[in-house]
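Presented below is the structure to which this report refers.
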Amino acid sequence: MSNDNFSERLISLERDTPEFRARYEKEIKAMLDKTLKPVQRVSYGLSAALMIAFAVFYSYMLVIRLHDGHPLVVASYGLGILFSVAWTVFAVKIAKSGRMNLRIQPNVMTHMIWAFLVFMQTIFLLLGGQHPDRVPSVFMLVSGLTFLLIGAMFMLNNKIEQSELNMKEKLLGIELRLAEIAEEMEV
């Protein structure tokens, strides 16, 4: 059998059958839907509890600073409350279900963290620029940049994991397609 003839036979067998699509979707769902271990569920519960404590602290500080505080300081407390509540809702949902969609939920968590850090760094920069003493200004800048670097590590890690998932998804499609072609060639 020549290579051209074999290639033509492979191409002629290339179809997206409903059976293949159903099998592919089932395998992808199994790959992306991760069941959390009990320790992981507890860790999401603990992170939710910690965020509730942060929300209470930020709320307390907001009430104290609402009338006499700088508007940017008040905004930072409001942002802290918003982030804490959003994270709590998200973490409780994951902990209660015991499942995680690896395509969606890590992306949402990473982007929530990144958005919070970027807004907080912006507030730090604005406040630092208005402070009369340069030492606290530099401290705010350096501490904010440190948090941004940590956030960048989360973002990079998430991108790597998502690329790995994409690669696994493509390889799974190829594996299933080859298995289907092999079955059809045997007939």
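Readers should treat all values here as calculations from the given coordinates under stated rules, not as data from a laboratory. This one's a predicted model, so the numbers in the text were calculated from it and none came from an experiment. Note that each Cβ is placed from the backbone with ideal geometry, even for glycine, and that neighbours are counted across all protein chains shown.
Over the residues of the chain, the helix contribution to mean residue ellipticity at 222 nm works out to -30500 deg cm²/dmol, using -39500 (n - 2.57) for each DSSP H run of at least 4.
Ordering L62, L50, F139 by the projection of their Cα atoms onto the charge dipole of the chain, which places +1 on the Cβ of Lys and Arg and -1 on the Cβ of Asp and Glu, puts L62 at the extreme positive end.
Express the relative contact order of the chain as a whole percentage, based on alpha carbon pairs under 8 Å and six or more residues apart in sequence. It would help to have the intermediate numbers written out before the result.
On the way: 135 pairs, mean separation 48.6, N = 187.
Computed value for the chain: 26 percent relative contact order.
Given axes a ≥ b ≥ c from the Cα gyration tensor, I'd like to know whether the range 38-91 is rounded (a/c under 1.5), prolate (a/b larger than b/c) or oblate. Let's see the in-between values first.
On the way: a/c = 4.82, a/b = 3.05, b/c = 1.58.
It is prolate, given that a/c is not under 1.5 and a/b is the larger ratio.
Shown is the FRET efficiency for Q40 and A152, computed with R0 = 25 Å from the Cβ-Cβ distance and rounded to the nearest 0.05: 0.55. Extending 7 Å from the Cα toward the beta-carbon at both V142 and A86 defines two label points whose distance is 3.0 nm. A Förster distance of 41 Å, applied to the separation of the beta-carbon atoms of I160 and V56, puts the FRET efficiency at 0.70. Radius of gyration over Kirkwood radius for the range 103-187, both on Cα atoms: the Rg/Rh ratio is 1.41. Applying 0.36 nm per residue to the separation of K96 and K170 and subtracting their alpha-carbon distance, the gain on full extension is 23.5 nm. Remark: the chain is approximated by an ellipsoid whose semi-axes, taken from the C-alpha gyration tensor as √(5λ), come to 51, 20, 11 Å, largest first. 3J(HN,Hα) along the range 137-153, derived from phi through the Karplus expression 6.51 cos²θ - 1.76 cosθ + 1.60 where θ = phi - 60°, amounts to 4, 5, 4, 5, 5, 5, 5, x, 5, 4, 5, 5, 5, 4, x, 5, 5 Hz, with x in place of Gly and Pro.
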